[in-house]
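The structure follows.
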Amino acid sequence: MYSQGLIGADSRTEETQEFLDAFQARIDAEEKIEPNDPMPEGYRRTLVRQIGQHAHSEIVGMLPEGNWITRAPTLKRKIALIAKVQDEGGHGLYLYSAAETLGVSREQMTEELLSGKAKYSSIFNYPTPTWADIGAIGWLVDGAAIMNQIPLCRCSFGPYARAMIRVCKEESFHQRQGYEIMMQLAHGSKAQKDMAQDALNRWWWPSLMMFGPHDADSEHGDQSMAWKIKRFSNDALRQKFIDATVPQAEFIGLTMPDPDLKWNEDRGSYDHGPIDWDEFWRVVKGGGRMNRDRITARKKAWDDGAWVREAALAHAEKRAARKVAAE
Amino acid sequence: MPEPMTPLWEVFIRPRNGLHHKHVGSLHAADASLAIQSARDVYTRRGEGNSIWVVPSAEIVASDPSSGKEMFDPADDKVYRHPTFYDIPDEVGHM
């Protein structure tokens with residue numbers, strides 16, 4: 001990657017129709033776009049926004065699950081959860097690196113997350129009051145993320161596509177461990193099964209919202225599809241997710257909290273009830289139960305870590321100076 | 001005062017003995033030893049390798065992508081550099 005050379009560089013491009021057509025021809029030929037290639041400013045901005053948001057989601061996503069590490073019911077569950085949360089941190093780092101190749105600095109992205117300027121997935125603004133939430137998150141939230149991320153492995157921007165390949169390889173364990181938690185609870189005592197159903201009731205609709213607004217209301221959809229940043233529409237991916245997960249719920253005897261959910265023989269898909277988009281926008285705009293806690297936690301982590309960053313840099317400088325003196 | 005930036009490093013990993021180190025990504029670290037430790041945690045959580053190189057990103061010199069064509073086209077018309085350019089009768093056997 002060429003990131004360091006690009007930071008702060010003027011990446012404006014002469015966007016004549018000829019330039020845009022030539023760029024589109026490369027995209028249509030399935031060529032990967034690399035960081036120093038000429039690209040329309042809109043393409044760069046879209047990717048910075050999307051990859052940054054994706055990275056922030058991984059990092060903030062560590063918080064709802066981290067909540068249960070000290071209270072995991074067995075050692076097996078605890079080591080799995082630690083490994084999963086550690087993976088999410090790693091995914092955030094791969095993605096920040098990919099965004100940095102586009103000329104935005106890590107410090108700038110962190111600042112935008114902490115100030116509320118940059119968004120992250122609204123799913124993480126829901127609380128995790130019970131152990132079953134950890135199962136539901138792995139099964140549904142990571143499941144929805146996988147549906148979204150698999151097509152991103154073929155995204156036209158090389159560094160993003162490569163980061164997604166790594167992420168997808170690791171993500172499959174997350175979903176399986178979550179489903180296994182749900183399965184065990186669903187086969188347990190009445191209280192355990194109720195806990196699993198309660199978690200499913202709370203996570204189902206927010207999981208469907210993870211795919212974003214309906215295609216007709218999606219403001220960035222068409223251009224992203226043309227540039228092959230996105231490969232499938234929000235609604236197509238959401239439908240795929242529903243069709244995959246409904247039988248999984250039935251298999252363990254749980255019920256999706258949607259009275260309108262039914263198999264449509266003609267379409268070969270499930271029909272579902274209306275999604276509460278007012279809730280979605282309320283949570284995106286900061287009105288979720290946990291929005292404030294999440295940012296407070298990230299800010300505390302950043303501030304509390306300041307002395308470590310300073311000390312590490314001071315130590316590196318001192319060692320470098322000593323080495324120069326010795327030569 | 002804005003915080004000083006922690007330098008960026010490129011990470012290369014050798015999956016097993018006998019293979020090349022391959023670029024896997026980048027990370028921020030204050031110095032080389034911290035970069036190696038972070039690279040282990042970020043890029044080898046599942047036995048992806050047995051050796052790590054880290055290189056300061058600022059030290060990498062790259063060819064210019066905008067002159068990629070002129071840079072590499074001298075090789076395009078030199079088919080005689082490939083074995084299939086030479087006709088050898090089948091009777092000679094594998095060569």
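The values are calculated or read from the model by the stated rules, or taken from the named source; none is laboratory data. This structure is a prediction, so every number in the text was calculated from the model and none was measured. When we count neighbours, we look across all protein chains shown, and the Cβ atoms used for this are built from the backbone with ideal geometry, even at glycine. The protein model used for the area step is the full one, side chains on, heavy atoms only, and it has no ligands, DNA or RNA in it. Shrake-Rupley method; radii C 1.70, N 1.55, O 1.52, S 1.80 Å.
Beyond 12 Å, what share of the Cα-Cα pairs of segment A:175-219 remains, rounded to the nearest whole percent?
68 percent
Can you list which of the trypsin sites (Lys or Arg not before Pro) found in segment A:263-326 are DSSP loop residues with at most 16 other C-beta atoms within 10 Å?
A:267, A:289
Let me ask something else about it. Can you give me the relative contact order of chain A as a percent, contacts being Cα pairs under 8 Å and 6 or more apart?
RCO, chain A: 18 percent.
Same structure again: Can you give the calculated 222 nm mean residue ellipticity of the protein assembly as shown, where each DSSP H run of n ≥ 4 adds -39,500 (n - 2.57) and the sum is split over every residue, rounded to the nearest 500 deg cm²/dmol?
Only helices count here, giving -17000 deg cm²/dmol.
Taking the dipole about the Cα centre of chain A, with the C-beta of Lys and Arg at +1 and of Asp and Glu at -1, give me whichever of A:129, A:82, A:43 is farthest to the positive side.
The listed residue farthest towards the positive side: A:82.
What net charge is computed for the residues neighbouring residue A:171, neighbours being all others with C-beta under 14 Å from the C-beta of residue A:171, Lys and Arg scored +1, Asp and Glu -1?
0
Looking at segment A:136-192, which trypsin sites (Lys or Arg not before Pro) are in a loop (DSSP not H, G, I, E or B) and have at most 14 other Cβ atoms within 10 Å?
A:154
What whole-number distance in Å separates the alpha-carbon centres of segment A:264-323 and segment A:231-246?
Here the two parts' Cα centres lie 24 Å apart.
May I pose another question? Give the lysines reachable from residue A:230 as a straight Cα distance under 22 Å; neighbours fewer than 8 places away on the same chain don't count.
Straight-distance partners of residue A:230: A:32, A:119, A:169, A:240.
Rank A:310, A:30, A:279 by mean-square fluctuation in a GNM of chain A with C-alpha springs under 10 angstrom and give only the top-ranked residue.
Fluctuation is largest for A:310.
Within a 10 angstrom radius of each residue's Cβ in B:55-64, how many Cβ atoms of other chains show up on average? Whole number is fine.
Partner-chain Cβ atoms within 10 Å, mean over residues of B:55-64: 3.
Can you tell me the 0 to 90 degree angle between the C-alpha axis of helix A:17-28 and the longest principal axis of chain A, rounded to 10?
Between helix and principal axis, roughly 50 degrees.
Further question on the same structure: Per residue of B:19-26, how many C-beta atoms from partner chains lie within 10 Å of its own C-beta, taken as a mean?
3
With +1 on each Lys and Arg Cβ and -1 on each Asp and Glu Cβ, how big is the dipole of segment A:66-132 about its Cα centre, in debye rounded to the nearest 20?
Result for segment A:66-132 is approximately 480 debye, rounded to the nearest 20.
Could you please state, rounded to a whole Å, how far the C-alpha centre of segment B:1-76 is from the C-alpha centre of segment A:164-204?
Each part's Cα centre sits 36 Å from the other's.
If the limit is 27 Å between Cα atoms, which of A:78/A:193; A:190/A:285; A:76/A:190; A:228/A:262 go over it?
The pairs that break the limit, which is 27 Å between Cα atoms, are A:190/A:285; A:228/A:262.
On average, how much accessible surface per residue is there in the protein assembly as shown, in Å², for a 1.4 Å probe, leaving out ligands, DNA and RNA?
Here the residues of the protein assembly as shown average 54 Å² of exposed surface.
Report the charge-dipole magnitude of segment A:170-327 in Debye, nearest 20, computed about the Cα centre from +1 at each Lys and Arg Cβ and -1 at each Asp and Glu Cβ.
That gives a dipole near 1080 debye.
Roughly how many debye, to the nearest 20, is the charge dipole of chain A about its Cα centre, given +1 on each Lys and Arg Cβ, -1 on each Asp and Glu Cβ, and no other charges?
1500 debye
Going by alpha carbons, how many degrees (0 to 90, nearest 10) lie between the helix axis of A:41-60 and the longest principal axis of chain A?
Its long axis makes an angle of about 60 degrees.
For chain B, which longest stretch is free of loop sites, where a loop site is one of the trypsin sites (Lys or Arg not before Pro) that DSSP puts outside H, G, I, E and B and that has at most 11 other Cβ atoms within 10 Å?
Maximal segment without exposed cleavage sites: B:47-77.
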